[in-house]
Amino acid sequence: MEAEVNRRAVALQEAVAEFLDSLRHERGASPHTVDAYRNDLTAAVQLLAPLGLEEWTDLTPALQLAYESSLGPPVPRATAQRRISALRSFLKFLRRRRSAPETELPSTGGFRKAKHLPKALALADLERLLAAADTATAPGLRDRALFELIYGAGLRVSEAVGLTLDAIRGDEGLLRVTGKRDKTRVVPMPDLTARWVRRYLEESRPKLAVKPLHAVILSDRGRPMSRQLAYARLQLMATVAGLEDVSPHVLRHTYAVHLLQGGADLRAVQELLGHESIATTQIYTELNLEEVAQRYRAAHPRA
């Protein structure tokens with residue numbers, strides 16, 4: 001049995017050697033790159049040969065799945081992704097060089113590096129941050145209204161500074177938001193957010209405006225506020241509040257997490273955030289998905 005496995009491994013390694021020669025001589029890959037591919041593909045051979053693989057053209061979806069399954073924990077995610085990528089590159093080479101059949105290539109999707117998620121603010125920290133704006137001044141009142149909008153309506157910073165006066169439906173407590181790819185959505189404003197926005201429009205904006213403009217949020221010089229200035233103003237408030245690593249995106253993320261903690265449906269959060277895919281919303285709210293799962297298990301009769 002061992003001799004048979006070794007025979008298969010040698011046959012599989014012959015094709016790998018051909019691929020490595022192509023990397024070295026035709027593509028000019030560095031010795032380090034060639035060694036990395038050799039190690040990753042040798043690992044694939046060592047798993048697949050005992051499973052009965054004789055030729056790479058016979059690599060079935062079941063064998064691919066077996067290989068991918070071997071790359072779960074404790075194998076580091078980055079290592080797993082690199083090994084799958086190496087196998088994909090090798091199989092593409094065989095297609096071109098040997099006219100191998102068009103078998104489905106393995107996907108690296110499940111092994112992508114986890115996205116870094118910002119930490120959602122606790123409610124007490126959020127309130128301390130928002131209260132750091134000096135609302136006795138026109139710029140301070142503007143800052144309070146701006147970041148109340150980002151948190152209260154879950155806006156991207158670009159959406160918040162891009163708001164126009166006709167987008168605010170104050171009587172209804174709604175905002176018309178233009179997001180990515182110019183897609184428009186309507187989102188509700190909490191009563192407290194609406195009150196701060198109304199106060200800004202009545203007391204602060206007239207003092208900041210030096211000429212008629214449609215932009216809601218104005219800089220100290222009466223121009224539409226930039227994203228960069230919004231970041232800087234929030235950082236100043238965070239310093240006053242004694243908080244670190246706070247950005248407009250942290251406020252938007254906090255909005256999503258607080259909604260989920262309050263029992264909001266994930267699909268509803270997707271719509272409010274303006275995400276095309278539910279998967280994107282899951283990334284934003286990943287820190288809170290276990291709580292959602294617990295509520296599901298407690299509420300569903302078949303959970």
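The values are calculated or read from the model by the stated rules, or taken from the named source; none is laboratory data. Note that the coordinates shown come from a computational prediction; the quantities given were computed from them, not determined experimentally. For neighbour counting, all protein chains shown are included, and Cβ atoms are generated from backbone atoms with ideal geometry for every residue, glycine included. Side chains are part of the model used for accessible areas, which takes the heavy atoms of the whole protein and leaves out ligands, DNA and RNA. Shrake-Rupley method; radii C 1.70, N 1.55, O 1.52, S 1.80 Å.
Selection of the stretch 180-199 for residues being open to solvent by less than 30 Å² (accessible area, probe 1.4 Å) and either among the aromatic types (Phe, Trp, Tyr) or within 23 Å of Ala138 (Cβ to Cβ) (or both) yields Met189, Thr193, Ala194, Val197. Residues in the stretch 153-179 that are open to solvent by less than 10 Å² (accessible area, probe 1.4 Å) and part of a helix (DSSP H, G or I): Ala153, Glu159, Ala160, Ala167. The conditions of being within 18 Å of Arg97 (Cα to Cα), modelled with pLDDT of 85 or more and of a type outside the set (Val, Ile, Thr) are met by Arg24.
From the list Asp143, Asp134, the one residue that fits, being modelled with pLDDT of 95 or more, among the acidic types (Asp, Glu) and assigned to a loop (DSSP other than H, G, I, E, B), is Asp134. Note on the stretch 33-46: residues that are of a type outside the set (D, E, K, R) and farther than 16 Å from Arg88 by Cα total 1. The condition of being modelled with pLDDT of 85 or more, surrounded by 18 or more Cβ atoms within 10 Å (Cβ to Cβ) and in contact with a Lys or Arg (Cβ under 7 Å, 6 or more places away or on another chain) holds for Ala49. Can you name the residue in the stretch 53-77 that is among the polar types (S, T, N, Q) and open to solvent by 40 Å² or more (accessible area, probe 1.4 Å) and, of all such residues, is modelled with the lowest pLDDT? In this case the residue turns out to be Ser69. Summed over the stretch 200-221, the residues that are open to solvent by 60 Å² or more (accessible area, probe 1.4 Å), over 15 Å from Gly140 (Cβ atoms) and touching a residue at least 40 places away in the same chain (Cβ under 8 Å) give a count of 1.
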